[in-house]
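Asker: Structure incoming, see below.
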Amino acid sequence: MKIIGLTGGIGSGKTTVAKMFSDLGVPVYYADDEAKKLMNSSKTIRQKLCNAFGEETYISGLLNRKYLADIVFQDKEKLEEINAIVHPEVYKHFKSWVQKQKAKYVLQESAIIFENNKQDLFDAIITVIAPKEVKIDRIVHRDNTQRENVLARMKNQLNDDFILSNSDYIIYNTDLEDSNRQVKEIHAKILST
């Protein structure tokens, strides 16, 4: 079974593209969603986060996402610290999930494959891109946030040039119908190799 990474910057539409692969019968592991679940359910993660960021990391037993976001999106070292706590646990969970799949290939949808230097864990990488202003507009509307907040989050991500030069497939996600066509082409290529 092949393990394919699906990545892209904030607002690129990687989750939408992942759903297109899922609609073709490809099992998709949504790393960000699973990380959020594990941050609420794993006692190991909870203890390490509280030690690193204080007891206010959790309110009434649930992760205080706004509190953590305010810290990590302003400080790259704090972002790396939280990733070092959470991502090893997510990777263990992903490996267990892969063992249960029966498809020719699976996708792991993750925003930070390259940022965490994890590209070598995958048989191929698909990167979803969109123009900067399109990404900003999508996030402003999706998260009901300000442009400045989106730009601060984008600042912590690698630039598209590096990611594109290290990707096996690229999906230009500006039109849903065209993106779906690109997904089907890549799906056929992966199945044929």
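Quick note: the coordinates plus some simple rules give every number you see, no bench work behind them. In this text, all values refer to a predicted model and were calculated from it rather than measured experimentally. Here the Cβ positions follow ideal geometry from the backbone for every residue, glycine too, while neighbour counts run over all protein chains shown.
Asker: Largest first and to the nearest Å, give the Cα extent of the stretch 145-193 along each principal axis.
Answerer: 43, 25, 13
Asker: Another one. First select every other residue whose beta carbon is under 10 angstrom from the beta carbon of Phe122; then total the charges, Lys and Arg +1, Asp and Glu -1. Please list the in-between numbers first.
Answerer: Details: positive: Lys2, Lys118; negative: Asp120, Asp123, Asp168.
Net local charge, Phe122 excluded: -1.
Asker: Right, here's the next one. I want the antiparallel fraction of DSSP beta bridges within the chain, as a percent rounded to 5. It would help to have the intermediate numbers written out before the result.
Answerer: Details: 2 of 18 bridges.
Antiparallel bridges make up about 10 percent of those DSSP assigns within the chain.
Asker: For the stretch 175-182, what does the Karplus curve 6.51 cos²θ - 1.76 cosθ + 1.60, with θ = phi - 60°, yield as ³J(HN,Hα) per residue in whole Hz, taken in order and with x for Gly and Pro?
Answerer: 10, 4, 5, 5, 4, 4, 4, 5
Asker: In addition: Note down the relative contact order for the stretch 2-192 as a percent, whole number, built from C-alpha pairs under 8 angstrom at least six residues apart. List each step's numbers first, then the result.
Answerer: Numbers: 238 pairs, mean separation 72.1, N = 191.
It rounds to 38 percent for the stretch 2-192.
Asker: Among Ser60, Ser42, Ser165, which one shows the highest mean-square fluctuation when the chain is modelled as a Gaussian network with alpha-carbon springs under 10 Å?
Answerer: In the Gaussian network model the winner is Ser60.
Asker: Could I ask something else about it? Give me, ordered by chain and number, the residues 5 or more places off Gln108 or on other chains with an amide H under 5 Å from its own placed amide H.
Answerer: Amide H neighbours of Gln108: Ile4, Gly5, Leu6, Tyr29.
Asker: Ratio to report: Rg/Rh of the stretch 1-55, with Cα atoms as the point set and Rh obtained by the Kirkwood method; give two decimals.
Answerer: Details: Rg = 15.0 Å, Rh = 13.4 Å.
My calculation puts Rg/Rh at 1.12.
Asker: Please compute, for the alpha-carbon atoms of the stretch 76-187, the extent along each of the three principal axes and give them in descending order in Å.
Answerer: On the principal axes, the stretch 76-187 reaches 41, 38, 27 Å in Cα extent.
Asker: For the chain, what does -39500 (n - 2.57) per DSSP helix run (n ≥ 4), summed and divided by total residues, give at 222 nm, in deg cm²/dmol to the nearest 500?
Answerer: Values: 9 runs with 108 residues, N = 193.
Computed mean residue ellipticity for the chain: -17500 deg cm²/dmol.
Asker: Next question, about the same structure. Where the centre of each part is set by its Cα atoms, how far does the stretch 143-185 sit from the stretch 83-122, in angstrom?
Answerer: Taking the Cα centre of each part, the stretch 143-185 and the stretch 83-122 sit 19 Å apart.
Asker: A follow-up question, please. Starting from the Kirkwood Rh over alpha-carbon pairs, what translational D in µm² s⁻¹ does the stretch 2-192 have by Stokes-Einstein at 20 °C and 1.002 mPa s?
Answerer: Values: Rh = 17.5 Å.
Diffusion coefficient, whole number: 122 µm²/s.
Asker: Checking the cross-link filter: which lysines have an alpha carbon closer than 27 Å to that of Lys78, excluding same-chain neighbours under 8 positions apart?
Answerer: Hits, sequence-local ones excluded: Lys14, Lys36, Lys37, Lys43, Lys48, Lys66, Lys92, Lys95, Lys118, Lys132, Lys135, Lys155.
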